[in-house]
Amino acid sequence: MTIPSPLCLRLIGCGLFSVFGMASIAAHADGREKSVALLPKYQQECSSCHVAYPPDMLPAASWQRLMNGLPQHFGADASLDPETVKQVLTWLTQHAGTGRDIGKRPPEDRITRSSWFVKEHHEVSAATWKLPAVKSASNCAACHTRAEQGDFSERFVRIPR
């Protein structure tokens, strides 16, 4: 019988591996389990410009402010028809984050400025964020190779050169 490595034990402890040592669920960067499949309309609309972030990465109040401010969405007009806004906002708020670190309003309602994001990415250098393949902290898919599937686990992180 082989003894699991410390990394494997850490992954088992945060629920990323089953007792058989195989990946059982996707996970966010902070070890939270992927909680819900993305709403197809949300994924269609939001992933046309960026990763369709899992809804539990922000509290409900942040999602409400973001969805109500789509005409000025971080410097772009991301307006949607009222029915789509209602459908997506309802889904986002139903599945919004409620944890200790998530429940706090991140500055400017930015996931990249939330306390858990900063804690998980503290080792990333300023130079890495400026790499042409990365460009900014909001470009999750630059390093998280399975971000499109909602999997932000460290197992699939590849820092571009």
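Taken together, the residues in the range 91-137 that are surrounded by 13 or more Cβ atoms within 10 Å (Cβ to Cβ) and among the hydroxyl-bearing types (Ser, Thr, Tyr) amount to 5. Give the range 79-100 a look and list any residue that's within 19 Å of the chain's Cα centre (by Cα) and small (Gly, Ala, Ser), or say none. Within the range 79-100, Ala96, Gly97, Gly99 meet the criteria. Just one of the listed residues (Ala52, Ala61, Ala37) is surrounded by 12 or more Cβ atoms within 10 Å (Cβ to Cβ), assigned to a loop (DSSP other than H, G, I, E, B) and either aliphatic (A, V, I, L, M) or at pLDDT below 50 (or both), and it is Ala52. Mind listing whichever residues of the range 94-133 are within 17 Å of Pro55 (Cα to Cα) and charged (D, E, K, R)? Once the filter is applied, which keeps residues that are within 17 Å of Pro55 (Cα to Cα) and charged (D, E, K, R), the range 94-133 yields Arg100, Asp101, Lys104, Arg105, Glu108, Asp109, Arg110, Arg113. Checked against the criterion of being polar (S, T, N, Q) and either under 24 Å from His144 (Cα atoms) or in contact with a helix residue (DSSP H, G or I) (Cβ under 9 Å, 6 or more places away or on another chain) (or both), the candidates Gln72, Gln87 yield just one match: Gln87. For the range 64-90, a residue qualifies if it is in contact (Cβ under 8 Å) with a residue 24 or more places away in the chain, outside any loop (DSSP other than H, G, I, E, B) and either among the hydrophobic types (A, V, I, L, M, F, W, C) or buried (at least 19 other Cβ atoms within 10 Å of the Cβ) (or both), and the qualifying residues are Leu66, Met67, Ala76, Val88, Leu89.
The values are calculated or read from the model by the stated rules, or taken from the named source; none is laboratory data. Worth saying up front: this structure is predicted, and the values here are computed from it rather than measured. We place every Cβ from the backbone using ideal geometry, glycine too, and count neighbours over all the protein chains shown.
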